Structure formats: structure tokens, C-alpha cells
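Report on the structure given below.
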Protein chains: 4
Amino acid sequence: MTAASSDILDLDSLLSAEELELRQKVRDFTRQRIKPDIARWYEEGVFPLELATELGELGVLGMHLEGYGCPGRSAVEYGLAAMELEAGDSGIRTFVSVQGSLAMTAIHTWGSEEQKQEWLPRMAAGEVIGCFALTEPTAGSDPASMATYATKDGSGDDAGWVLNGTKRWIGLASVAGVMVVWAMTDDGVHGFLVPAGTPGVTATPIQQKLSMRASIQCDVVFDGVRLGPEALLPGARGLRGPFTCLNEARYGIAWGAMGAARDSYEAALEYSLGRLQFGKPLAGYQLTQQKLVDMLVEIQKGTLLALHLGRLKDAGTIRPEQISLGKLNNVREAIRIARDARSILGGNGITTDYSPLRHAANLESVRTYEGTDEVHTLVLGRHITGLGAFH
Amino acid sequence: MTAASSDILDLDSLLSAEELELRQKVRDFTRQRIKPDIARWYEEGVFPLELATELGELGVLGMHLEGYGCPGRSAVEYGLAAMELEAGDSGIRTFVSVQGSLAMTAIHTWGSEEQKQEWLPRMAAGEVIGCFALTEPTAGSDPASMATYATKDGSGDDAGWVLNGTKRWIGLASVAGVMVVWAMTDDGVHGFLVPAGTPGVTATPIQQKLSMRASIQCDVVFDGVRLGPEALLPGARGLRGPFTCLNEARYGIAWGAMGAARDSYEAALEYSLGRLQFGKPLAGYQLTQQKLVDMLVEIQKGTLLALHLGRLKDAGTIRPEQISLGKLNNVREAIRIARDARSILGGNGITTDYSPLRHAANLESVRTYEGTDEVHTLVLGRHITGLGAFH
Amino acid sequence: MTAASSDILDLDSLLSAEELELRQKVRDFTRQRIKPDIARWYEEGVFPLELATELGELGVLGMHLEGYGCPGRSAVEYGLAAMELEAGDSGIRTFVSVQGSLAMTAIHTWGSEEQKQEWLPRMAAGEVIGCFALTEPTAGSDPASMATYATKDGSGDDAGWVLNGTKRWIGLASVAGVMVVWAMTDDGVHGFLVPAGTPGVTATPIQQKLSMRASIQCDVVFDGVRLGPEALLPGARGLRGPFTCLNEARYGIAWGAMGAARDSYEAALEYSLGRLQFGKPLAGYQLTQQKLVDMLVEIQKGTLLALHLGRLKDAGTIRPEQISLGKLNNVREAIRIARDARSILGGNGITTDYSPLRHAANLESVRTYEGTDEVHTLVLGRHITGLGAFH
Amino acid sequence: MTAASSDILDLDSLLSAEELELRQKVRDFTRQRIKPDIARWYEEGVFPLELATELGELGVLGMHLEGYGCPGRSAVEYGLAAMELEAGDSGIRTFVSVQGSLAMTAIHTWGSEEQKQEWLPRMAAGEVIGCFALTEPTAGSDPASMATYATKDGSGDDAGWVLNGTKRWIGLASVAGVMVVWAMTDDGVHGFLVPAGTPGVTATPIQQKLSMRASIQCDVVFDGVRLGPEALLPGARGLRGPFTCLNEARYGIAWGAMGAARDSYEAALEYSLGRLQFGKPLAGYQLTQQKLVDMLVEIQKGTLLALHLGRLKDAGTIRPEQISLGKLNNVREAIRIARDARSILGGNGITTDYSPLRHAANLESVRTYEGTDEVHTLVLGRHITGLGAFH
């Protein structure tokens, strides 16, 4: 069994040599650096911090950004990397997304020249970890009701800010060197850069997770946090700021989820070829083949969809509802595939010796963050019908 | 509501100007010549014979074949035409498939120069209707057990044949000018051309259908049918002959099914925008939007898949299991979509005033012919696992 | 294959001897009087009027009502009869529901003594067919927006009524001897009895149906229809009147749908046992068994549910939301079962030679009338959560 | 929110006062002794041994058995207890099943008088934990291929046994005071009682589980284990022995799974009532209500099914295929329900603060043990069709 065998539709023929090479490089990294230890990290609930600089060297942090030490790769290449990393574990891919699509994109898009130079090169190298504090405890799918508030501290150009509020599900916050924090102000929503160690900031990892245990999500409290005027991201105003970043992240998720799906499929296929039942391989039974085929069909369709989105993105024509479609479909299908894959493994499928149930558990997080199925369904529904049904 | 609005992923951007032009031409034909009368044809159980020459003029009969009066268009163009025609009715698209992918492809691929010159130009023009007699009453999914037999009649080069046997579900047989008949011989399976009016041939349309009522499928009996030596298709031997044609047809089905799906979606969307419930359009409710979105997601994925298959086919690299995947997925999803679309129409959805339930009923035939879900699942399963699970 | 073999859970052990006897009687009727001709009736779009008096003799018209010539059987017995009749055809069961649960129940519950004596005995005998005119063209799932209006014609006790409006999907209206018509008045919704032949009433059968073709549904127009004071159903006021009848009908549907499901299952099982593929019966393959098992599981659960509802109804404790649950579940599952059954039949499944696709088509009507899935889902949702989500 | 509110069909009206009382007692136990600590036990991967004697006092160990200190309750009462315990956690219910349905039933049914007196009273009290060693690493769904072997050790009546082999997924083995071990002999399969501490027995808990972490499953190795003649269970011979016990356990699972489902539903309902989105409770949205309703429908059907099985069991007429149907359906539906419930919880659903994802994870084990979906499907398929499709 090699991964190539899951490419029944010859989708690789749609990729350039450069794209295939990049993919191979990331696939090798996953095989060598993630797969051997992921079961332990997951069981112990540990994010492997040491991977950060290695991922920086691999060139996948902020990889679609140009300048400031960023790799400047295409959207398709970013997608391929996300797919390979999530074939390892959604938690690792999530780190890459938070770092590159959320934190670095925010700074790159709306930061001042000074902010970019200060943070981006070290973030691209994995020396500084970034996080993105948007979600609040009482407003998962409704950022407009944001309660975190930044008040002007003083007046004139030197005026700083005082930040108060609570965020939840903030990836990597407890290990972040810099936080991109979104807060309401008298002048609408703005973004702020909050360096690690700023007094009044507390980030507490959420415990007892049944999903993405090799990653970190935190409750973050901002209690009278004083920030200088230079903390403000000058270019972002309103929810367009964080929403742009979320779209970047969702794009990567659409690819990544297919990586978890493909790895689940391959694990189930390999198991079914080796496991005998009533004297012949499980893979030789109709009920098993039906599962494998249905999985593969959706993996191929989801991958084709991700690639199409990538080409649109590289062409500069992609629209948010297209990304919503990709995120909705690919995560939804990936979770089904991971669950079906797990069902082929019998009793053995419930340990971390096999990846599908871990992937299925991880995808529970992925399905919820950056917009639940319901949110994306209603975004698409509004686009299709011209009628909002959110309320 | 225009059809364009269902292209949420900008798939049209993947088509050339020539392809878009061809599609528009066929779409216009469907709107002008099929949609106005299809409800009546369906209710009355009538195949509109007069369309044959019009479809010939439209250039969609044997459209992917070269020479002998055939249009010589690409596989993608053939697919686009199938999609637009099936947006009208699966029965009409089926006629085009039987004519072009089955009967004409058989003659074009394995016929003698004389056979090609005799039949193909008139078939391309729609002046002669062809049919393809492979399936037998007791062997739907297992052509290898074919019982129709052609015995040598005489000896030497002048020896003709005597044909005996029964075929079932033979599309258009009762109106065909020429039948391509597959029969077992002492030398394996061979194909024969049987002109209309040959003594001993009886074609009886199957009645009381709940599906594809605007098409014709027949029971055909060959009772001591004497054929000259020139009836033999010289190039075909074994099941590779009919299987090649079936693959051609399946390719078109993968496209066509998405046409029925898209038309169902558009009918449901339009209805839901105009129908008020509790004072607001049905389209404004969450439960309706969820259905519409799920339909559109699968239409887009299925169309992307069909287009990918078309590009592979035009590149000459397509493989049978890839077509199996396309047929399996696209018909299965199309039937789900048509059913869901129908559910949006409430009580009004059960008449032929609206297309979705007619499409759903038609697709019951499409799902079965050229290989059921189970057959294609096991074909793919064997490809994936290397283990046959047919028996 | 006998029907008994589908009783894998020994549900018959929950029935009394009297109930089993009644069921056998109706089952025999279905076998002798419905099954032999149903394919023809369906193809020709004909309701077999001659069955009305036979069904009267069988004792299934208004069978749960007491007095006035009605059979006075239990709710469970009524349910069993509905199940057996719908194993024949949903259209026939629908006639029995419209007659007994809708028209006769309305008269029995809210009629004057004179009205009851005039109509009920002849309706119980099947000599007079009743119909129930509630649904309007623009208000399928929202009877409160009723536009049909009855205006007082004159004053005092002798004052009659003038009725104007349009109804749609009115079962049996064109052959009805008496119509129960619901109309808005200055005093809220009221019911009226409109005998056949009353001037100003036009009932036009809806044509070109893809469902319930052996039944009749009509567009009915009331154009200045003058009614005497005796036309008013004295006991009903407001929507509680028609809603009570709808609940009666829904109860019968919950049973009936399982009859269509069981007949579909049995047809598929019998076919799969007799049809050889690759040399062994279809029934011996894993993919076929999986379908058969999943069908049977849902048939058994749905039947158990219907029986439980019947026992609650006979105990006088049943509540509307319980009936909603039964209607929602049993029709939804029945349609899935009929579709799956059809898929076992291969190409042969698309003619009326086999019942499953006809049942599936019929159930499209059943699923919509007396409340769509969405309506019952939201009724139940409101019950569960205390929050209405209709608007 | 109280549990009672999920009884929309008044199923409680089918229970006796005694049954309701027993249920309440177990429900209270779950609320007081399981729910407060289950998240911690689960996270830490700990089976709470201290519960064993408390469950003994509660009267749920071997509760359907008579004599020898066993409670002697009915099958329905056993089912109700299983349901309430699994509303706490599948791992705790699994302990009760292994103890009562597997180990104690084996001893009670096939043990000698001495064996019964030695073990059953202490097992009923929870002082001795039992386990049931049947499954082997290479034969999950096919016990007939058992490789563990017991060889006669000596000759005559005094001859003992030497036991060699490996078992896997043996619940509670590492904490068991006595093991019921099934092994092949020269005379077919036999059962043996192996007390804790017998030399040559090693039980190693399986680590890094993603399911049932508050329970224990072990790899067990028997390496030249010498047993006296009194170790043999005299009454059991062949696979009928273990299969009888498995049927007992499956019966309890059919009930238990509905407990996990109901608890998941109640958690989701409560959350959706309290969680605001766009200013109104999640529970007030159509998409949420649809999920809640679909969950509740299946919970009610599954509970009705379990109760029906219980009544058949108490009547002594239950058959194995009926239990297969219950296990297949109820676990399959429970896992769907738990997953859907989790989806209502948004991001918060991935911690053990809420039960649904834990239940979903647990049910992955429950779905596999005592027969996968596929095994029960094929058991039922064989019953229905008379044709085995296992091979």
C-alpha cells in the first residue's frame, strides 16, 4: 500500500512537477516526524513544540505569504502541504493554519511595516508562535456579538489601549509569543498585537479533550491589559479583518480534511488486506469493499474540489461562499470517511495504534471551528436564495 | 433564476468558448423542443420520434465519432450535450446514448468499411435509429452468461448465421432501423448488424413503466433469424466488444445525470422562492436552505468529476474504473438530489408540472442500466483491493 | 414467501385473536381484489369506484366509529386494516382514510343528529363517497391562512350561506356524494356539508400524476355556492375541527405506510430468492442481505410504533405529537424501504409488474399530505423545546 | 430538563410500578456515583474498582439470575438497569454485562454445584470480579477458529489440563478474581474457570484507547497454565456455551445503548435551551430542532424495541436473531444519536464537560464487541433468506 494507490482518478496528473515535489517533501516530513510519535502525543495531550522550527524549515509557516521571510508559495502548494500534514494529525495542521492563515495573515495584511518586520520573519521560521483570539465563550458562531473591549487609554497619537474580555478555544495561546486579538472599540472592531508576557493576560489550556489532544486550545482572559498605540493593527477595521483570515484558514481546512480522510482510508485498506476472516482477507468481502469504495469516491471528489478552489485562489477569483462550500463538504465527508474506516478495523480500531478513530475524533474540532456545518449551510443558503435564514 | 446561478464554483471558467457555445446550443434545444412537451410525452408513454432528425441536425448523434458524417466533437463536448439533454429528460438523453455511444460506436469501432458507409451517415443524421441488444432477461449484470446464440449457416466464406435468443430492456428496438446484436457463437461472443424487417425478429415495447416513459425499451426475440455473412461485425470478438460501448455510454451517463440533478435543483429553488409559507418564501427557511445547499454541493462535485473524466478521455488516458466511479457517483447523487428537490415542492411536486419527480423516476432506470450501483461498487472494489467479490 | 415471515420480532404475539382475524380478512381482500388489478388501474390513472361498496361490506369505512351503521372497531383494528390495504396500494388506503377518518369523522363528531343519520349509514356502506376540502392552493401546510369564505346569506335562523373559494388536492372530490368543506366565516372557521350536484361546485381531477394514480385528487372551485342553514356542521368551530380529523387520518397513515413498506420488502425478498446472478440467488449476496435486513429492521420498528400508538389511542390517552411522530417516522422510513426494495429488482423494478417502485411513488403523496416531514418535525420540535420554529 | 421529558411516547406507561422503582434506584445511583466522576475516570483511563461492591449492593450484578445470592430480577428489569447505567457510561455498564451476562451466566448455566457456590455469591456482591475470555487476536468475529488450546494433563478422572493461547479485548481481566476461559480441546470447545493468580496467566490492559477509557480491556496470555479437573465447566460443550452468554450480553447492550443515546439527547437539549445564538436559544432554530427530533424518534423506537425484546425474554420465547436485531439497531442508532447530539454542542462539545462525544467514543467499542454490524447483518440475512453470506 502506498498513498499513490488512492489516486484512482489520476488527480496527480493535474499537479505540476514543482507541486508534486513540495507535496513529497511534506509527506516525508509527516512520515518521519509526525506518525512515529503522534499516538503518544495524543494520549498524553501534548503539543510537540519542537516541531515549530522544523515546520519553519520545511517552509510551511505562512507559506502562501510573500516577503518578510515567508516562503511565497502558491495556494495549491499551501493546500497540498495542509493535506499531507493533516494525514499526520489535524492538531499539527491546525498549528500551521493558526500560525500562517490566521496570525501571520493578519499581520501581513493589516500590520504596519514595523509590525511585519518585527514578527513575520520569526514566525515564518517557527521561532515565534502566533495565535488568533477571536472566538468568545458566548459567541461561537456569531463574532458580531463580541464582548471583548479595548478602551482608549489617554488621548492623542500617544494614546494606548486598555483591553478587557475573555476568549475561548484560542489555539496555541499558552505557547504563543504574540497574540492577534480582536476587540470591540468605540470605533468598531479592531485587531491588536499582544506579545507574550504582557501583564493581565492569562491563557489556560482547555483540559479533558476528546479531540485534537496533540494540539492546544485555551481560555484567554484579558484583565485590564495595557497596550501601547503600536499594538493596533492599523489596516483592519470591522469584522472584515478577522473574516479575511478565517477564509484563509478555511481554505486550508478544505485540503487538510482530505488528508485525514485519505490516511483513514489507507489505514482501513491496509488492515482489511491483512486481516483474515473466515479464511479470507476482510478486503475480499462485499460489505468491506462497499465501504472502501464509498470512502474513496468521496476522497477523490473532495480532493478535486480542494484543487479547484486552489486554482481559483491562485487566479485571484475565489469568493468566500466557494470556500464555505469546500470547508462544509470536505470536513463533513472526512468525518464520515474516518468513521467508516474505523468500522473496518473491528475492535482493534479503538486504540491509537490505528489512525482512523483519532482522525474522526480530531475532525470533531475541525468541523466546529471556523464555522459549523450549520453556519456554512446558511451562508451558502443566503447566497443561493438571497434570503438570510440565520435568525 | 437562470441556470448559470447554479454554477457557484465557477466551473464554467474551466470551459472553452467553443464548449460554452455548444452547450448553449443544446440548452436552447432542450428549452425549445423538449421542455414544452415532455410532460405529455411522459404521461402518454411516447417517444417523440420526430426529434431524431432534429437531434441529428443539432449534431449530437455519434458526436464524438470522426468521419462518416459524424460530428467529431470532443468527449467534453459530448458530455456537455448529454448534460443539457438530460436536463430535459433522461429518456431523450438515453436515445442519444444508445444511438451514439452504443450502436454507432459499435459500428464505427468494429464495423467493415461497407458497414460504416451504409449506416453511420444516416445514423448521424437521425434518419436511421440504432439499437444495441446485449442484456438478456436472466442476466442483467452478468453478460458472460449470454444465451442468445448465432450458429453458422452453411460453410466457407459465404456461410451466414442463424440467430436465436431473447434480449430485454433494449432501448429503441421497436423503432430501430438497425440492431447491433451480441450473441454467443462457437467462437465466442460476436456482434451482428440486423436491419429492421429481418424475418424472425420481434421487438415488443415494455409497458406499464414507472420510469423513462418518454423512451422505449423492448423485449426482443430472435427466432431462427437468418443473416448473411456481411451481418457480422468483423472487428469485435469477446465481451471486449460490447464492454467498450458500455464504457462510452457510461461516460455520457455520468454527465447526463448531473443535468437531471441540476434541473431538479433549479425547479426546487424557483418554487421555493415563489411559494409563501407563514408569510415568507419557503426558500427563506433553514430546512429548505439546507436541502438546497446539500443538492448544490453534490451537483458541483459531480459536475467537476464529469469534467475531469472528460479531460482524461480527451487526453486518451481514461480507464474503465474511472468511468465506473463517475457513473456510480453521479447517478446515485442525482437520484438523491431529484428526490430532495421533489420534497421541496410539497403536494404540487407529484405532477409532471414540475420536473423533479419525473427526473427521480427516470433515474431509477439510469441507475440500473449500464451497471447497477452494486456492480460498479464491486468493479471498483476489485480495482482497489485486487480481490474480486462478485461471487 | 408468506407475509408472516416478515414478522421476525413476533409482533403478531401482541395481537388478539380477533385482531388477527380482522387482519386476515383484509389481507385476503387485498390479495383478491386489489393486487390483481392495481397495475392496470395505476397505469390508466383510474380509481376503482366499484371497490367502495365492497370496502363497505368488508367493514373498513368509518370502522373506528360507533353507531349509524359504523363498524365500531378498535383503533388497533383500524390500523391493521390500513396496513393491509396499503400493502395493496396507498391510493386505496387513502380512499378509506378520506372516507372514514376525515369525512365520516367530521360528520360523526360535529354533525347534527340529522346529518349523521342522513350520511353516515350510506357512507359506512360505501354507497356515498365523502371528501374533505381543507387544503388550498396557496396554503398547503398552513390552514390558518384559509381564503375560502362562507358569508351569511340572509339573517335569523333561516339564514343560509354563500360559499366562495378554491381548494386543491381534495381526495375523491369528483366522485363524492358529499363534501365536508372548511371555510372561514365572520365567526371563524366552520365546516359545511355540500352534497354532490350543488350548483356552483366544480371538482376537476388533477392529471398527469406521478404518484397515487389509482386514486383521485381534485381542484375544487366554489363559485357563489348557496347552502341552506342545515349545511353547517354545528359542533365544529375553529381549526380544532379539521385538525381533529387530520389526526385521525395521520394515525391511519402511520399504519398504512408500514403496509406499503412490508409489501415492498416481500416483493424484493421473493425476487432476490428467485433471481440468479453469477450462478447463485441475489439473496445470497452480502450487499443484498444488508438491504433486506435494514428494510426489515425499520419495518419492525415502525410496526411496533404503530401498534403502540394504537394501544394508546384505544386507551384514550394518545396526544397529537405522538401521532406526528408516528406519521413522520413511518412514512419517511416506508419511502426509504420502498426505494431500497426497488433497487434489488434491477431493471425489472421499473414496471408495475413489481410493487416497490409504485409504492415509492405513492408514498411521495403520503409523505406530503396531512403534514410534510418538515411540518411534523417542527410540531415535535416545539413540543420538545417549548419554542416554535415555524416562522 | 428531566429525563422524563424524553418519554414523548409514554413508554413509561408500559412499565410496572416495580420496574419504575428499580429504574429510579439505578438512575439515582448513576446520578450520584457515576456522573460526578466519570469525566475524570475517562481522562485518566481508570476503571473505578470501588464501584464493584456498590453495584453489588444495588443489586445489578447477575441480576437476572436466580439463587446463589443473585437478585433474580426479570429481563426487563435487567434491561432498565443497563439503560440507566449506560446513561452514565458504557464502560460501567460493560462491567455489569461482563460480570453478570458473561461470567456469572456461564457459571450459573454450566457450572457444577461447587463452582456455583464458590463463585456466584461473591460475584453477585461485587467482591469477586469475573471476566470472559473468548475473543482472540486473530479471530474477532469468528470464534470457531479459536486457537487457544487445553490439553489433557494426565489421564483418568484426576486428569487436569494445560492451557495455552492468547486472548484479546478481555474486559476486566487484569482485575478479575476469576476468568471464564474458552478453549479448544480434543473434544471440542470447553469452558474453564481460572482463578486469579494461577501461574502462567498474564493479563495486560490495552493502552491508548480512544473509547471506553473508564473500563479495562486486556490482552491475556495463557502460557502452560496447569488447571485441575475441577476447572472445567461441566455443562458447556461447543460454541453453544459462549454463544448463550453472548446473547445474554447482547440483550443488555440493546438496552444500554439507548441509555447512552438518551443521555446524549438530554445533554444536547439542555445545552441548546441555554445557549444563545443571534439572540435566541439554539433550540429555537429549525436546524437544531430537526436534529433533536430525529434523535428522539430513534430513541423512542429503540427503547420500544428493547422493551419488546425484554417481554419476549421474560416470556421465554426470545430467539437469537431477535437479539441480533436489537443489538444491531440500538447500537447503530445510539452512535448516530450521540454524534448528532455532540454536533449541537459546538466547540464546547469536545471536552468531557459534556457527555455526547464521550458516549459516541464509547459506543465505538460497544458497536464492535459481541458482534459488529456486519456480523449481525449477516446473521439476520441468513435468517431471512435461508442463505449464508458469511464466506
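The values are calculated or read from the model by the stated rules, or taken from the named source; none is laboratory data. These numbers come from a predicted model, not from an experiment. Counting neighbours? That spans all protein chains shown, and the Cβs are built from the backbone with ideal geometry, glycine included.
Criterion first (at negative phi, without any contact (Cβ under 8 Å) to a residue 24 or more places away in the chain and among the hydroxyl-bearing types (Ser, Thr, Tyr)) does B:THR303 satisfy it? The answer is no for B:THR303.
Can you tell me which residue is farthest from A:GLY316 (Cα to Cα) among those in region A:57-67 that are surrounded by fewer than 18 Cβ atoms within 10 Å (Cβ to Cβ) and touching a helix residue (DSSP H, G or I) at 6+ places or on another chain (Cβ under 9 Å)? It comes out as A:GLY67. Return yes when B:LEU345 is in the same structural domain as B:ARG319 (by TED's automatic domain parsing), touching a residue at least 12 places away in the same chain (Cβ under 8 Å) and under 22 Å from the mean Cα position of the chain (by Cα) and no when it is not. No, not satisfied. May I ask you to verify whether A:LEU233 is touching a helix residue (DSSP H, G or I) at 6+ places or on another chain (Cβ under 8 Å) and surrounded by 23 or more Cβ atoms within 10 Å (Cβ to Cβ)? So A:LEU233 fails the test. Restricting A:ALA144, A:ALA214, A:ALA125 to those that are within 14 Å of chain D (Cβ to nearest Cβ), modelled with pLDDT of 95 or more and over 18 Å from A:VAL225 (Cβ atoms) reduces the list to A:ALA214. Within region C:178-207, residues that are more than 12 Å from C:ALA236 (Cα to Cα) reach partners that are at pLDDT 95 or above and charged (D, E, K, R) with beta carbons closer than 6 Å, at six or more positions or on different chains, in the pairs C:GLY200/C:ASP223; C:THR204/C:ASP219.
Scanning region D:1-54 for residues being of a type outside the set (Gly, Ala, Ser) and part of a loop (DSSP other than H, G, I, E, B) gives a total of 15. For region B:73-85, a tally of residues being in a helix (DSSP H, G or I) and more than 14 Å from B:ARG33 (Cβ to Cβ) returns 8.
Filtered by the rule that a residue be of a type outside the set (D, E, K, R) and surrounded by fewer than 18 Cβ atoms within 10 Å (Cβ to Cβ), region B:15-56 gives B:LEU15, B:SER16, B:ALA17, B:LEU20, B:GLN24, B:GLN32, B:PRO36, B:GLY45, B:VAL46, B:LEU49, B:THR53. Whether a residue is in a loop (DSSP other than H, G, I, E, B) and small (Gly, Ala, Ser) was assessed, and B:GLY67 passes this test. Taking the conditions (1) surrounded by fewer than 23 Cβ atoms within 10 Å (Cβ to Cβ); (2) closer than 27 Å to B:LEU287 by Cα; (3) within 14 Å of chain C (Cβ to nearest Cβ); (4) not β-branched (Val, Ile, Thr) in turn, D:PHE390 satisfies each one other than (2). For region D:276-286, the criterion of being of a type in the set (D, E, K, R), assigned by TED's automatic domain parsing to the domain that holds D:GLY349 and at pLDDT 95 or above is satisfied by no residue at all.
When you scan region D:95-104, do you find a residue that is within 30 Å of A:GLU44 (Cα to Cα), within 14 Å of chain A (Cβ to nearest Cβ), among the β-branched types (Val, Ile, Thr) and in contact (Cβ under 8 Å) with a residue 12 or more places away in the chain, even just one? So far as region D:95-104 goes, no, none of its residues is within 30 Å of A:GLU44 (Cα to Cα), within 14 Å of chain A (Cβ to nearest Cβ), among the β-branched types (Val, Ile, Thr) and in contact (Cβ under 8 Å) with a residue 12 or more places away in the chain. For region C:222-245, the set of residues classified as at pLDDT 95 or above and within 23 Å of the chain's Cα centre (by Cα) consists of C:LEU233 only. Does region A:204-224 include one or more residues that are of a type outside the set (S, T, N, Q) and farther than 30 Å from A:TRP41 by Cβ? The answer is yes, given that some residue of region A:204-224 is of a type outside the set (S, T, N, Q) and farther than 30 Å from A:TRP41 by Cβ.
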